[in-house]
Number of protein chains: 4
Amino acid sequence: MAGETGTTRMETFSDGIFGIAATLLVLEFAVNEANGADLGSQLLHLWPSYLAYVTSFITIGIIWMNHHYCVETMARVDRTLLFLNVLLLLTIAFLPFPTKLVAEFLQKPGEQAAVYAYDATFIVMALLYNVWWRYARIGRRLIENEVPDSRLRAIDRAFNPGIFIYAACFVVAIISPLASVVLTLVTAAFYLPSAALFERRR
Amino acid sequence: MAGETGTTRMETFSDGIFGIAATLLVLEFAVNEANGADLGSQLLHLWPSYLAYVTSFITIGIIWMNHHYCVETMARVDRTLLFLNVLLLLTIAFLPFPTKLVAEFLQKPGEQAAVYAYDATFIVMALLYNVWWRYARIGRRLIENEVPDSRLRAIDRAFNPGIFIYAACFVVAIISPLASVVLTLVTAAFYLPSAALFERRR
Amino acid sequence: MAGETGTTRMETFSDGIFGIAATLLVLEFAVNEANGADLGSQLLHLWPSYLAYVTSFITIGIIWMNHHYCVETMARVDRTLLFLNVLLLLTIAFLPFPTKLVAEFLQKPGEQAAVYAYDATFIVMALLYNVWWRYARIGRRLIENEVPDSRLRAIDRAFNPGIFIYAACFVVAIISPLASVVLTLVTAAFYLPSAALFERRR
Amino acid sequence: MAGETGTTRMETFSDGIFGIAATLLVLEFAVNEANGADLGSQLLHLWPSYLAYVTSFITIGIIWMNHHYCVETMARVDRTLLFLNVLLLLTIAFLPFPTKLVAEFLQKPGEQAAVYAYDATFIVMALLYNVWWRYARIGRRLIENEVPDSRLRAIDRAFNPGIFIYAACFVVAIISPLASVVLTLVTAAFYLPSAALFERRR
């Protein structure tokens, strides 16, 4: 025990934040109540909201799966890891706000600032995710004995590109905010095959 | 392990999304604060909100029970199933928005578009549910050895009508949006006796 | 198994709804942003909001504890109990709306209708709670073998007054809505000593 | 059993409230939709919102970790502890409201009242936390036999300053509301090294 405990409660708390943050995304959707006759076309014109919703939801889902996969390699947690976990969750719980910005401002004045804020959030998230993982992994500090080094290296390989990809999304937003959001969605879908890849290699 | 893990954490995350999506439904209710003297009749005129709330809540509850029942047959999950699960949850977490549309626009201009959006969400949900289940079930890919084939077939039988029922709700909305919502509520109640049926047959 | 399963996942889902419904109560609080100089006195004049928040939160907390205590006596759940549980949770998840009505309208025009809606919600909740418990308890349908009858009777004794108390709150609201809310708060506090009582008797 | 039960479900419910309260904090963020061209500078001027968000989120995270650490020393819970836990959670679930006040009013008229409300919430929270812990700890009422007294004393030492620190924050707000919020943030960061300290001593 002694300040180092099982991973269960960190998982429960994290699952909660992941789940709630993902579900709060829906609150971004809004239509003009006064104009019901127009509702059909209003719903079609909400496509930036759908795009932002799907992108953020899938990203949270993938990060949750990777978080799950990483925690599985850990034998225990300590207070520093829990604190880093709180910082990581802080970023994930923040995501509904920039998502709402993208939903509201994409294809309108202010779209650049909205997508910068969106991408910056993902960069910080990827950064904290890396710090969180590396803290547990370096010197196998919190890793279970039976977990082979090859599995840890596979996780490293999968995470290394993360920050660069989101930085690239940020750069793309200078030219086209819409393309940047689409790239973020593609990124969420990219993590999966990549992960499948490193599983096969093991 | 090797990327295939127990079903517990998928259940925790799913229960979270189911529970939060169901609870966020309450945010659709709104009254005009400026007109307190009128509050009693305002509350009575909110009946489309009550109808939409009860329909969506019970539907989420039933889907949650069926999800639970399906996961019980599984020995493990893999990344593809987790990803399909994320897509399914994305649809369920989206439900508070079309529910709010129905609550606000039923019996007013725009009701048709609102109910189309509502029914379309259920169609997508039923579709993803089927894909999710079939992925786990085909060739008993993720099914526990002790689970008899008859139990799997019973689940198939219970799920097959789902998409068609929701498509029928959609068609009914062309004639009467209100009847369509009532049919959706009846559908949520129908799943139960049907489920009871296949249990007795086993 | 056969459609009857352990109580764990019903507890997880219920805990989720209880927790989220309780936490969403905070969204009732609102101040006028335009009038910051006045904020101190605005916060004092929010006392109906504080009263409604504390009353609803403690009630949810107590119901959650009683729910917990009842589930502990159960060996398993079946689909009917799960469905009744969904209906019970539907009422609990609805609570933030009448709570907000009380917060907004107490001591203003419309307070009577607001408190009627509040008390009616509690009456329905108490009713569903009784049905849920009696379904599991009659003929010891879902009760664990080791649980003595005296314990079940003690739970009965504790629940029997519930509906009558909330009906009394409703009647009191005809004369004084404020007194009715205070009585509801006192009721939440009353369940505890009563529960302590039946524990000692066992 | 007999009204005293394992600590698991208290943890599940508490984790839920902690997680949801933390995630609801994001709802404080708001921008003026009508003024998109200005979005970049609007986002920069939101710094009081960021400060309030980070302060409250980290505080909730730390309290959650300490709660976790305390519950680990307990062998069981009784109804009184559960009730005190409900009161503690009531305060934590309330936090999004004063956080929003700080976010909206810091550096504007009304900032003093906003920060008083914020600090008062933390004082009540620290108070209830102490009562909750002391109830379990006095005479080792609910403590596991194997837990050494030194560990309990270490927790006492870590908690004793809590109320005084938050009272100090309150006093600082008389002179500078901004400094008070910064001090609250520093406090959240201070609990960690302190906790690390008592772990080393054990």
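Taking only the Cα atoms of segment B:1-114, the ratio Rg/Rh comes out at 1.14, with Rh defined as the Kirkwood radius. When Rg and the Kirkwood radius Rh are both evaluated on Cα atoms of segment B:1-60, their ratio Rg/Rh stands at 1.29.
Since only C:Leu89, C:Tyr118, C:Tyr135 are under comparison, the one whose Cα sits farthest along the positive direction of the charge dipole of segment C:73-153, derived from C-beta charges on Lys, Arg, Asp and Glu, is C:Tyr135.
The residues neighbouring D:Asn160, those whose beta-carbon lies less than 13 Å from its own, together hold a net charge of +3 under the Lys/Arg +1, Asp/Glu -1 convention. Normalised per residue, the accessible area of the protein assembly as shown is 36 Å², obtained with a 1.4 Å probe and no contribution from ligands, DNA or RNA. Placing unit charges on each Cβ (+1 for Lys and Arg, -1 for Asp and Glu) gives chain C a dipole about its Cα centre, and among C:Leu185, C:Gly16, C:Leu152 the Cα reaching farthest toward its positive end belongs to C:Leu152.
Computed from label points 7 Å out along Cα-Cβ, the spacing between A:Asp149 and B:Ala75 is 3.3 nm. Charge tally around D:Ser49: other residues with Cβ under 10 Å, Lys/Arg +1 each, Asp/Glu -1 each, net -1.
For chain D, averaging the sequence separation of C-alpha pairs within contact (under 8 Å, six or more residues apart) and dividing by the residue count gives a relative contact order of 27 percent. For chain A, modelled as a Gaussian network with Cα springs under 10 Å, which listed residue fluctuates most, A:Ile163, A:Ile174, A:Ile143? It is A:Ile174. Dividing the summed -39500 (n - 2.57) terms of all DSSP H runs of n ≥ 4 by the residue count of the protein assembly as shown sets its mean residue ellipticity at 222 nm at -25500 deg cm²/dmol. Put simply, the amide H of B:Met74, placed in the peptide plane, has neighbours under 5 Å in B:Glu144, leaving out anything fewer than 5 places away on its chain. In this simple spin-label model, placing a label point 7 Å from the Cα along the Cα-to-Cβ direction at both C:Ser176 and D:Thr8 gives a separation of 4.7 nm.
Its Cα gyration tensor gives segment C:72-151 an equivalent ellipsoid; the semi-axes, largest first and in whole Å, are 35, 12, 9.
Position B:Glu144: other-copy label points at 2.0, 2.0, 2.9 nm, ordered by increasing distance, label point 7 Å along Cα→C-beta. Around the Cα centre of segment B:1-136, unit charges on the Cβ atoms of Lys, Arg, Asp and Glu (plus for the first two, minus for the last two) sum to a dipole of about 320 debye.
Length, then width, then depth: along the principal axes, the Cα atoms of chain A run 63, 32, 27 Å. The 3J(HN,Hα) values that the Karplus relation (6.51, -1.76, 1.60; θ = phi - 60°) gives for segment B:88-102 are, in residue order, 4, 5, 4, 6, 5, 5, 7, 3, x, 6, x, 4, 5, 4, 4 Hz. Gly and Pro appear as x. Projected onto the charge dipole of the protein assembly as shown (+1 at Lys/Arg Cβ, -1 at Asp/Glu Cβ, origin at the Cα centre), which of C:Ile60, D:Leu25, C:Ala30 gives the Cα projection farthest towards the positive end? Final value for the positive-end residue is C:Ile60.
Association of chains C and B removes close to 3200 square angstrom of accessible area from solvent, both sides included, for a probe radius of 1.4 Å. In nanometers and ordered shortest first, the copy-to-copy spacing of the D:Arg157 label point, defined 7 Å from Cα toward Cβ, is 4.8, 4.8, 6.8. Net charge of the neighbourhood of D:Gly36, taken over other residues with C-beta under 15 Å away and scored Lys/Arg +1, Asp/Glu -1, is -2. Size of the protein assembly as shown from its Cα atoms: along the principal axes, largest to smallest, the extents are 58, 58, 57 Å.
For segment C:21-37, putting each phi into the Karplus relation 6.51 cos²θ - 1.76 cosθ + 1.60 with θ = phi - 60° gives couplings of 4, 4, 6, 5, 3, 5, 5, 5, 6, 8, 10, 7, 5, 5, 10, x, 4 Hz, in residue order, rounded to whole numbers and with x for Gly and Pro.
Accessible surface of segment D:1-75, 1.4 Å probe: 58 percent of it comes from carbon and sulfur atoms.
Inter-copy label distances at D:His45, 7 Å along the Cα→beta-carbon direction, one decimal in nm, shortest first? Those label-point separations list as 2.7, 2.7, 3.8 nm.
Each part reduced to its alpha carbon centroid, segment A:14-68 and segment A:102-138 end up 16 Å apart.
The values are calculated or read from the model by the stated rules, or taken from the named source; none is laboratory data. Keep in mind it's a predicted model, so treat the numbers as computed, not measured. Methodologically, a virtual Cβ is constructed for each residue, glycine included, from the backbone with ideal geometry; neighbour enumeration extends over all protein chains shown. Side chains included, ligands, DNA and RNA excluded: accessible areas come from the protein's heavy atoms. Shrake-Rupley method; radii C 1.70, N 1.55, O 1.52, S 1.80 Å.
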